[in-house]
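Below: the structure, in structure tokens.
The values are calculated or read from the model by the stated rules, or taken from the named source; none is laboratory data. What you see is a predicted model; the values in this text were computed from it and never measured. Positions of Cβ are backbone-derived with ideal geometry, glycine not excepted, and every protein chain shown enters the neighbour counts. We work out accessible area using only protein heavy atoms, side chains counted, and drop any ligands, DNA or RNA first. Shrake-Rupley method; radii C 1.70, N 1.55, O 1.52, S 1.80 Å.
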Amino acid sequence: MVVLAASIVSKSGKALVSRQFVDMSRSRVEGLLAAFPKLVGTGKQHTYVETENVRYVYQPIEALYLLVITNKQSNILEDLETLRLLSKLTPEYSPSLDEEGVCRAAFDLASAFDEAISLGNKENVTVAQVKQYCEMESHEEKLYKLVMQSKINETKDHMRKRVTEIEKSKIDRGKNEKAFGPLRPPNSFSDMSTKGTGLGGDPIFADLFAQKPKGLPSAPAPAPATSKVAGGMKLGKAKKTNQFLESLKAEGELILEDAQPSGIQSGMSSVPPSDPIAVAIEEKINVTVKRDGGIHNFDIQGTLALQVLNDTGGFIQLQIENQDLPGLSFKTHPYINKELFNSQKFVGAKDTNRPFPSGQNETPLVKWRIQELDESSLPLSVNCWPSVSGNETYVNIEYEASEMFDLHNVVISIPLPALRAAPSVRQIDGEWKYDSRNSVLEWSIILIDQSNRSGSMEFAVPATDPSTFFPISVGFSASSTFSDLKVTAVLPLREGRPPKFSQRIRLVTDNYIVI
């Protein structure tokens, strides 16, 4: 078998990528590719056509053709095997199977074709091997880069330490100059005391003199003056910034600075919750909806977590209630009294002498799962209707929300083909944003309640395959859950009044897609 050329052409015969494996002129290849569309029949997927001299083995890929030109003496089975390998390689290097996407990836495609075919004969390789050969990964090169990067990081660390040391020495030298002025250094303690007397009780000198070692006696300085000047010096130094340090910060380098005074740190600390007990109830939705109707999987997973702020507030029990649903099953923490939970719906410890953990972290106590749900239980249904008309694809998307929930911060993300500009949005209920890097159109609705249980959006893009707009991902949150689980009371195990508590209930999406 001799493969003359492997090409990707448009429906009109325009060559997008072509790799020749025998000595052929460009005009000869262009003539063969231009004659191909006239020979192709309709209604066939994988086939071949022959002329007097060559055989065309081809496969349609969306709006293009993947084409292998061979001589008539070649084995048709081997030709089809070669075509199958090239059809697997093409989407690996050109995710967007249109003219623009193929032209962008022309060099990578030609390199991949070279690895699959050598001197007109198919190589015994797989797609993974071809990708490995084209990437040309080298363990020695990676090791060399790691060593070089390590040396660079060490040099930067040393540079930052030196900069910090230089800055500190400048600050210390500046303090000395302000205190003593540009005079000669004092030779003895008597010189220093004489200088201080001559300055008439200078407060700066008094402040510095008060900080000298305990072995040197000194006269006390007035407290108000010392406090005022010391504070002024701190404020003045805080405003000074070195330009070199700022340039390092702008480049993304981490610069270690001196710690702030304890008073400032205490002012910036977060305010603790007002209630000594906080309960967090959360359910996550995992659902995969089919575009033509039906559900692939529908699963709800919930968690009840407890946060006790005071060490003495952990001797409690939680009284809960929930809605009875088919497919609802609970699982309690090993620390929890399971019999008490199943019989009376109390969440309490097995050992009543041991309190619940306290601190700033939440402790999960109960988990549950809801299965056996059908399509009618979906909080939000999304339907997408793409249609091709001429050189454009018109897409109508509509949502319909259930009466059970009011949904907040709804975001519907629709994948798009690679575009040069944003899509033309012609009608929308809500707001939209185009993410050009990921080629995704995001449809946002802040709140879905009784006033807007349904809505739609219409936009247009250049003609493309309708399957490009899937899978659609959906994200939202709600302040109520499927199980309607809530804490009705917090009961103390020891004498005293029932403690105050707060609870946060929400429903969020973990994986909500339409395929």
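At a glance:
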{"item": "Equivalent-ellipsoid semi-axes of the range 376-478, from the Cα gyration tensor, Å, largest first", "result": "25, 13, 12"}
{"item": "Spacing of the two label points (7 Å from each Cα toward its C-beta) at N121 and I428, in nm", "result": "5.8 nm"}
{"item": "Sequence-distant residues sharing a close amide H with L380 (under 5 Å, placed H)", "result": "S402"}
{"item": "Of K345/K500; K331/K486; K14/K122; K290/K367; K88/K122, those spanning more than 23 Å from alpha-carbon to alpha-carbon", "result": "K14/K122; K290/K367"}
{"item": "Binned Cα-Cα distance frequencies in the range 1-154 - 10 Å width, integer %", "result": "10, 39, 30, 10, 7, 4, 1"}
{"item": "Table column - 3J(HN,Hα) (Hz), the range 61-67, Karplus curve with 6.51, -1.76, 1.60, x for Gly and Pro", "result": "10, 6, 8, 10, 10, 9, 10"}
{"item": "For peptides 143-152, 449-458, sequence by mean Cβ density within 10 Å, most packed first", "result": "449-458, 143-152"}
{"item": "1.4 Å probe accessible area per residue over the range 376-478, in Å²", "result": "49 Å²"}
{"item": "Rg to Rh, two decimals, where the range 59-98 supplies the alpha carbon set and Rh follows Kirkwood", "result": "1.02"}
{"item": "Karplus (6.51, -1.76, 1.60) ³J(HN,Hα), θ = phi - 60°, over the range 498-505, in Hz, Gly and Pro reported as x", "result": "x, x, 6, 8, 10, 9, 10, 10"}
{"item": "Cut-off under 5 Å, modelled amide H: who pairs with I320 long-range", "result": "V347, T488"}
{"item": "Extended-chain gain in nm, criterion 0.36 nm per residue less alpha-carbon gap, E100 and K156", "result": "15.8 nm"}
{"item": "Directionally averaged projected area (convex hull, Cα atoms, the range 325-393), nm²", "result": "9.5 nm²"}
{"item": "For the range 32-38, 3J(HN,Hα) per residue [Karplus equation, 6.51 cos²θ - 1.76 cosθ + 1.60, θ = phi - 60°, Hz, x = Gly/Pro]", "result": "5, 5, 5, 7, 5, x, 6"}
{"item": "Average accessible area per residue (Å²) across the range 3-135 - probe 1.4 Å, nucleic acids and ligands excluded", "result": "52 Å²"}
{"item": "Under 20 Å from K156, Cα to Cα: aspartates and glutamates that are on another chain or at least 8 residues apart", "result": "E165, E167, E246, E251, E253, E257, D258"}
